[in-house]
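Heads up, the thing below is written out as structure tokens.
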Amino acid sequence: MSDSTDRPGPSSAAGAPARATDAARPASPAQHGIWLTSRLTHVPEVFHLALRIGFDRIDTDALARAVDATVARHAALSSALVERDGVLRPVPAGRVPALTVLEPAGEPLGECADACADALAKRLAEELSLPFDLARGPLARFTLDRRADGSAELLVVAHHAVFDGNSKDVLVADLAAGYAAALASPSSVAVVEEETARSDADAAAPVDPGLLARAAAFHGPRWAAATAPVLPGSPRAVTDAGRGESVAWRLDRAAAAALADAARAAGVTRFEFLLAALHGLLHRYGGEAVPVAVPFSTRAPRQRGTIGLYVNELPVYAPAGQDGDTPFARYAAAVRAEARLVSAHRAVPFGSAVPGLTPRAGLAPVSFGYRRRTTADPVFPGSTAAVDWTVFPLGPRPPERGLAVAGTQRTLPSN
């Protein structure tokens, strides 16, 4: 098992500090909010974003160099957050993250059955919950668990202060490209530097006072009138983080086409259709004005291939003036209109617009994320790779090879 978050850097630059970021740049408002909440909560691992890639076989050396190349390209992965003179700034960590390899122990998995599976689950749970030192960094780690039968599983854990849902796609694509390059040229792996200093500086700029005033005027009355959800089988409101679970649910081609047709007939996108269905369900349970937290992307086009925190979670409120007799198409249109109004304020962190919020792991008790995954599955030459995009730090589940696992992500792309 890995011993700490302070691991030596890649063999090509052992002990070298991470590639420098713009030391003069302050952290973005979103980073500052997560940094503060992470320090105040007693369950900071709720801000750990993770994914798992299962391989039927893997070249460990090539994967290690792919990790090195990916880390070298994305400065956020080898950064830390330091408060200096009252200003929070991203700085290079003292060490860069590198691949940690856990060698197989004991008998092949098939021969020790449940005992080996339980040991693996325990090791993964420990790795998922291992805390990050935000002031020292690095804020990402890569752990490869090798099996006696030749298979392996890569666990990537990153802190949300430097990572979001779209970053998962970027990371996996870069790892796959780096792995292919390492196999093709064992002596070196080309590193393509990212160019995000200007856009990151834009993200860290103070919020325009006019935008802030408009966001405050919009969110204030709605948030004051918001009510807690009423859920069947739940006698009290959930006030703390608990064990995460994920349920895979896949639509076949006919059902997916029917969903698209229903959304089109209602004049909304699939995301808006599903969000309206969720709001309608909460209303039917007895919630009159339940806000649903939605992560809105703040990425500029030039940040599309960048790893970092480019997301702002905002509440989308239930539309007013609707009841049980409202046709669903009209209700969905009202939800669409409300979501578009919220989207107009996506550049303003909610904590800046609504003062007095207490530290919390989630903005609202119910959240809804939507990802349209349009990229092809990653290809690691010579290996079959299965990606589990949704991994919870408070209790991982056994790997499901060959399955696409559905789950909530933390980025909302444009529709």
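The values are calculated or read from the model by the stated rules, or taken from the named source; none is laboratory data. Given the structure is predicted, the values throughout are model-derived calculations rather than measurements. Because the Cβ atoms are built from the backbone with ideal geometry, glycine has one as well, and the counts that use them run over all protein chains shown.
Listed values, structure above:
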{"quantity": "Gly305 being in a helix (DSSP H, G or I) and either hydroxyl-bearing (Ser, Thr, Tyr) or on the phi < 0 side of the Ramachandran plot (or both)", "calculated": "no"}
{"quantity": "Meets criteria (modelled with pLDDT under 95, under 13 Å from Phe142 (Cβ atoms) and in contact with a Ser or Thr (Cβ under 7 Å, 6 or more places away or on another chain)) for Arg52", "calculated": "no"}
{"quantity": "In the stretch 144-169, the residues that are outside any helix (DSSP H, G or I), of a type in the set (S, T, N, Q) and surrounded by 23 or more Cβ atoms within 10 Å (Cβ to Cβ)", "calculated": "none"}
{"quantity": "Selection from the stretch 176-203 of residues that are modelled with pLDDT of 90 or more and either in a loop (DSSP other than H, G, I, E, B) or touching a Phe, Trp or Tyr at 6+ places or on another chain (Cβ under 8 Å) (or both)", "calculated": "Ala176, Tyr179, Ala180"}
{"quantity": "Test: residue in the stretch 117-124 that is part of a helix (DSSP H, G or I), at pLDDT 95 or above and of a type in the set (Gly, Ala, Ser)", "calculated": "no"}
{"quantity": "Top-ranked residue in the stretch 355-392 [being of a type in the set (S, T, N, Q) and under 26 Å from Leu212 (Cβ atoms); ranked as surrounded by the fewest Cβ atoms within 10 Å (Cβ to Cβ)]", "calculated": "Thr358"}
{"quantity": "Residues (modelled with pLDDT of 85 or more, in contact with a helix residue (DSSP H, G or I) (Cβ under 9 Å, 6 or more places away or on another chain) and in a loop (DSSP other than H, G, I, E, B)) located in the stretch 204-229", "calculated": "Pro229"}
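For (1) more than 30 Å from Ile34 (Cβ to Cβ); (2) among the charged types (D, E, K, R); (3) surrounded by fewer than 19 Cβ atoms within 10 Å (Cβ to Cβ), each residue gets a yes or a no:
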{"site": "Gln322", "(1), (2), (3)": "yes, no, yes"}
{"site": "Asp325", "(1), (2), (3)": "yes, yes, yes"}
{"site": "Arg330", "(1), (2), (3)": "yes, yes, yes"}
{"site": "Ala333", "(1), (2), (3)": "yes, no, yes"}
{"site": "Glu338", "(1), (2), (3)": "no, yes, no"}
{"site": "Val342", "(1), (2), (3)": "no, no, no"}
{"site": "Ala347", "(1), (2), (3)": "no, no, yes"}
